[in-house]
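Contents: one structure, followed by commentary.
The values are calculated or read from the model by the stated rules, or taken from the named source; none is laboratory data. It should be emphasised that the depicted structure is a prediction, and the values quoted were computed from it without experimental measurement. Every residue, glycine as well, gets a Cβ built from its backbone with ideal geometry; the counts of neighbours run over all protein chains shown.
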Amino acid sequence: MTDVFISYASEDRERARKLATELEARGWSVWWDRNIIVGQAFDQVIEHELETAKCVVVLWSKDSILSEWVKNEAAVAAERGVLVPALIDNVKLPLEFRRKQTADLVGWDGAPSHGGFQALCDGVATKANITGVAQGQPTAPPRRRFRWHRRWTLGAAAVLAIVGLITILIQAGVFDRSAKKRTEVNARQIAPTSAPTSSPPSVPELESQLKAANIKLSTGTEDDVARVRSYFTGPTSAYHLLATNCLQVLGNRRLRDTGYLDMIDKWYTSLVGEKHYVAEDGGLDHEKLKAAIVRANNEYYAQNATSFEQLVER
């Protein structure tokens with residue numbers, strides 16, 4: 001069951017995407033981009049999501065007030081008692097919805113501190129019966145009652161450094177006349193240690209990082225997502241490698257439109273072949289991975305992007 005269903009006119013897709021991103025950042029599941037699997041009936045899928053979502057956010061704009069689809073979806077949500085309307089253009093709402101308290105998102109630039117966005121989130125939490133602070137919601141840092149003066153900080157750091165150095169010298173036997181006698185024994189007892197290696201990210205960590213990069217596990221249902229998640233059997237699994245390498249090629253950037261890991265996997269496999277999925281150095285071919293992301297995006301959104309950089313937000 002999805003937490004939030006977003007109803008909007010196709011002309012408002014970009015603004016719907018921005019809202020969905022912010023709601024997902026708070027830990028809520030959002031259905032908005034019409035993820036229809038080949039072979040499924042479009043209206044049946046939407047009807048199912050509309051009737052099972054915990055709340056329905058309707059974005060009213062100059063285009064959506066003329067859309068029969070949006071008005072019908074708003075009517076179903078109102079009948080279920082889960083409607084959370086939001087105004088994204090200065091327009092007069094359809095008559096039957098004018099008495100509903102509406103969040104004002106006119107001119108909203110995506111800032112989570114915006115009053116209208118905060119009001120909408122309160123409405124979502126109430127309608128969806130979500131208690132407590134949503135996962136990922138920013139919280140105010142604790143107040144600092146005492147502030148170190150910069151000179152005190154530097155002085156304290158210097159004292160600690162000197163104490164640490166003296167401790168190391170004492171442990172090394174610099175001030176101990178018998179240290180020389182222990183040197184040979186210690187040399188045999190102390191084995192060289194290698195630098196610690198960082199452990200690969202866990203599945204929850206990977207999913208969190210993928211969400212920040214605007215990559216979802218699957219284009220399908222929750223069952224499909226669970227199936228893809230089960231492929232993350234360890235750091236040597238193909239999907240684990242695919243996910244970490246997608247994050248590497250994106251760096252600190254994210255995709256403009258939602259990417260899907262299972263579709264990227266399909267295209268990467270077709271480009272390199274099953275036998276050559278993993279490169280000799282244990283990684284993936286980043287150039288072909290970028291090409292796979294471009295092809296997956298073009299297939300899903302029926303676009304004609306020619307380069308990976310066209311798909312990157314920043």
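What to note about this one:
- Selection of strands (runs of 3 or more DSSP E) fully inside segment 1-115 by the criterion of at least 3 residues being over 17 Å from Thr258 (Cβ atoms) and either modelled with pLDDT under 90 or not assigned by TED's automatic domain parsing to the domain that holds Tyr301 (or both) returns 55-60, 83-87.
- Hey, Val312 over 23 Å from Pro204 (Cα atoms), touching a strand residue (DSSP E or B) at 6+ places or on another chain (Cβ under 7 Å) and either at pLDDT 90 or above or not charged (D, E, K, R) (or both) or not: yes
- Contact map, segment 8-26: first residue closer than 16 Å to Val56 by Cβ, second residue charged (D, E, K, R) and crowded, with 16+ Cβ neighbours inside 10 Å, Cβ cut-off under 6 Å, separation 6 or more or different chains; pairs are Ala9/Asp63.
- Of Val45, Val106, all but one fail to be touching a strand residue (DSSP E or B) at 6+ places or on another chain (Cβ under 8 Å) and aliphatic (A, V, I, L, M); the exception is Val106.
- A single entry from Ala243, Ala226 fulfils the requirement of being of a type in the set (Gly, Ala, Ser), closer than 24 Å to Gln310 by Cα and in a helix (DSSP H, G or I): Ala243.
- Answer residue from segment 258-279, given it is surrounded by 17 or more Cβ atoms within 10 Å (Cβ to Cβ) and touching a Phe, Trp or Tyr at 6+ places or on another chain (Cβ under 8 Å) and is nearest to Arg17 (Cα to Cα) among those: Tyr260
- Within segment 205-220, residues that are in the same structural domain as Asn252 (by TED's automatic domain parsing) reach partners that are part of a loop (DSSP other than H, G, I, E, B) and at pLDDT 90 or above with beta carbons closer than 7 Å, at six or more positions or on different chains, in the pairs Ala212/Arg254; Ala213/Arg254; Asn214/Arg254; Asn214/Thr258; Lys216/Thr258.
- Taken residue by residue, segment 177-200 has no member that is surrounded by fewer than 17 Cβ atoms within 10 Å (Cβ to Cβ), under 21 Å from Arg17 (Cβ atoms) and either at pLDDT 90 or above or among the polar types (S, T, N, Q) (or both).
- For the condition surrounded by fewer than 18 Cβ atoms within 10 Å (Cβ to Cβ) and either free of Cβ contacts under 8 Å to residues at least 24 places away in the same chain or on the phi > 0 side of the Ramachandran plot (or both), Arg227 qualifies.
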